[in-house]
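Throughout, read-outs are computed from the coordinates displayed, never taken from laboratory work. Bear in mind the structure is a predicted one, so any value in this text is a computation, not a measurement. Ideal geometry is used to build each Cβ from the backbone, glycine not excepted, and the neighbour counts take in all protein chains shown.
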Amino acid sequence: MLRDRFDHIPRHRQFEPTPPPAGAEQTPVVIVGGGPVGLTAALDLGQRGHRVVVLNQLDFIAAGSKAICFSKRTLDIWNRLGVAQRMIDKGVIWNVGKVFRSSRREPVFEFDMLPVKDQEMPGFINLQQYWAEEYLIDALLELPNVELRWGHQVRAIDPAENRLDVSTDSGSYTLKADWVIASDGSKSALRDMLGLDFEGRVFEDNFLIADVKFEDERPSERWFWFDPPWGGASSLLHKQPDDVWRLDFQLGWEIDREAAIKPENVEPKVRGMIGDDIPFSEEWYSVYTFQCRRMARFVHDRVIFIGDSAHLVSPFGARGCNGGVADCDNLIWKLDAVLGGADRALIETYNDEAITTADENILNSSRSTDFMTPKSAVSQAFRDAVLDLAEHEPFARPFVNSGRLSTPVAYPGSTLTVKDRDSWDGGVPPGYPAVDAPHDDAWLLRELGGEWKLLAAAPVADVPLSTVVADSPTAVERYALTPGVVYLLRPDQYVAARWKNFTPADLGDVPWLT
C-alpha cells in the first residue's frame, strides 16, 4: 500500500486519502507533485480560472528538514497570489547576513539582502517548508476549480496521448491532460518514465543539517562561519519560527552517514556553536550531498518540468525552492495564454528563460561551493587569502562567498524583451523584474498584478492595456518616469519594453503581447 511506504516520514498535517474517480478522465492541466512549487503553480493557474488536478503521492504534509529560506522575489510572487502575509506573519524576517571566521567575534563581511528600501516585502524570511505548503493548500482549498488528490501516485505516462496511469490504495485509473506539469522533485518519476536525466556536477562533500529547538535572543540574521572553532570547514546558523534553529555543518566526503546523525555525534557540534549553557532538543537531523545539475530541456511536447524535477543546486544561496517558484511565475502566465488560444510556441520561451535562470543559479551555487569547499591547494590558498584580506580591506569583502543568496534573474536577451531604442540614465532595463515602490497608499507591485500593464507618470490614451500611473516620487525616480516615458510590464512583472517618447504603435513591436 502507498501509505505503508511513507510511514517513516514525520507528518505535519494529515489528509484523508482521495478516492479514485469512477473511470477515465480528461482535464486541461495536471500537476504531478504537491510541494511548494507545484502548489504555487496550481494556485496561479487556479486563480486564472483554469481547472487543475494536483496529484500528490503523499496524503500528508511532511515535516522535517527541507527549504526554509524564501527570498523577496518569491514573497512578491506569493503576495500577488494572496498568501505572502501569512508567510511573513509566521516567519522570521531577516535582511542582514554576517560571515565570521574561526573564533573571531566580529564578522569579516556582512551584507544586506534589501539594499533598496521602501518595498513591501522583506529581503528574506525563514519559514519551515511545511508551513509554506499548508498556507498554499489552504488557499487552494478555496478554489472550486482546483482539485488536490491525496495518495495518488503516477505509475506510467503515455506522452503521445498525455495520459497518466495513476494508482491509489483504493484502485487505479487513467487521467488524460492537455498539459502535464512535472513538479515531483529531485527524484522525479516522470523524468525517469520519459527516459530523461540531469547534466552537471555532484559535489564530493557532505553536510549535516541539525534542526534543533532552543530559546535564545540572537538576532534574526544569517550567520556563516569559515573554519569555525568547533571544527569542520564551515557552519551556518539560521533562526526559524517556534524557537527552531537550522544549524548546518560541513562534514567532508568519506564519512559514515548513519553515525553522523546519531545524537551523541551531533551534540558536540551543536554545543560548539550555541554554548554549553543552553538546553536544546532535536527536531530533525539529516546528512545531504548536493548537486548542481539540470535537464537539457524543460519542455517535452506537452510535459513541462519545473523546480527540482528540472534542476538542482546546492542549498547554499537558497536557490532551490526560490528558483522553482520563479519557474512557476515564468510559466503560468504563458500557459494561461496558450490555454486561451495563443500559439503553443509561447511555451518555448519558458524553456529558454527558465534555463537561463537555472544556469545562473547553478553558476552561483557552484562558485559558492567551490569557495566554501576548495578541492585543490590553489583554491584553498585563494580562499584563505580572500578571508585574510577581508578582515582589514573592504575591497576584498565582496569576494567572500558563503553562498550568493537568491535574487531574480534577468532576461535581456530573451525573445520577449524589446531592446531600448533610446539611451537611458536610470530606470529598470527591459528584461529585468519590476522594482517595488510606494503607490497610492499601498505598493506598486500590488497594482501591477498579473496581467500586461503599462506604467507611466500620466495616463496613456488610445491603448488596449490598462495603465498604472505612478503617484509617488520614489516610483517616479526608480523608473526615471519623465514625461512621455512608458514601460510595458509582462504578467510576471518583468519589464518587456520601455520608451521615452511612447506612441500606441510601439506596442506592435512587442512579441506575444496578449
Gyration tensor (Cα) of region 410-514, equivalent ellipsoid semi-axes in angstrom: 19, 14, 14
Debye, to nearest 20: dipole size of the chain, +1 on Lys, Arg Cβ, -1 on Asp, Glu Cβ: 560 debye
Segment R51-K262, length gained on full extension (0.36 nm per residue, minus Cα span): 71.3 nm
Region 410-514 - percent relative contact order, Cα under 8 Å, separation 6 or more: 32 percent
Overall Cα dimensions of the chain, principal axis frame, Å, largest first: 69, 63, 42
Positive-pole candidate from I181, L416, Y432, dipole of the chain, charges at beta carbon: L416
Nitroxide proxy distance, nm - points 7 Å out along Cα→Cβ at R11 and L114: 3.7 nm
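Do the sum for the chain: with -39,500 (n - 2.57) for every DSSP H run of n ≥ 4, divided by all residues, what is the mean residue ellipticity at 222 nm, to the nearest 500 deg cm²/dmol?
Numbers: 13 runs with 137 residues, N = 514.
Rounded to the nearest 500, it is -8000 deg cm²/dmol.
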Among 205-212, 256-263, the order from most to least packed when residues are scored by Cβ within 10 Å on average: 205-212, 256-263
Residue list for region 242-275, given a label point 7 angstrom along the Cα-to-Cβ vector of R218 and an amide N cut-off under 12 Å: 244-249, 270-275
Relative contact order computed over the chain (Cα-Cα under 8 Å; 6+ residues apart), in percent: 14 percent
Sequence-distant residues sharing a close amide H with M113 (under 5 Å, placed H): V96, G97
DSSP bridge orientation in the chain - percent antiparallel, rounded to nearest 5: 70 percent
Net charge contributed by nearby residues that have their C-beta within less than 9 Å of D211 (K/R +1, D/E -1): 0
Part-to-part distance (alpha-carbon centres) for region 229-302 and region 317-345, which is given in Å: 31 Å
Centre separation in Å (Cα based) which lies between region 372-404 and region 131-145: 43 Å
Extended-chain gain in nm, criterion 0.36 nm per residue less alpha-carbon gap, D89 and D509: 146.9 nm
Calculated from backbone phi, Karplus (6.51, -1.76, 1.60) coupling profile of region 222-237 in Hz, x at Gly/Pro: 8, 10, 10, 10, 9, 6, x, x, 8, x, x, 7, 7, 8, 9, 10
Simple spin-label estimate for D388 and T467 in nanometres, 7 Å along Cα-Cβ: 6.1 nm
Among 320-329, 334-343, the order from most to least packed when residues are scored by Cβ within 10 Å on average: 320-329, 334-343
Ranked list, fewest to most other Cβ atoms within 10 Å of each Cβ, for I77, I157: I157, I77
Computed E for S366/E282 - FRET, C-beta separation, R0 25 angstrom, nearest 0.05: 0.20
Extension gain (nm, one decimal) between Q380 and Q26, 0.36 nm per residue minus Cα-Cα: 121.8 nm
q = 0.09, 0.10 Å⁻¹: log10 I(q)/I(0) that the Debye formula gives for region 102-252, counting C-alpha atoms only: -0.55, -0.66
Cα-projected label distance for R446 with D243, points at 7 Å along beta-carbon direction, nm: 3.5 nm
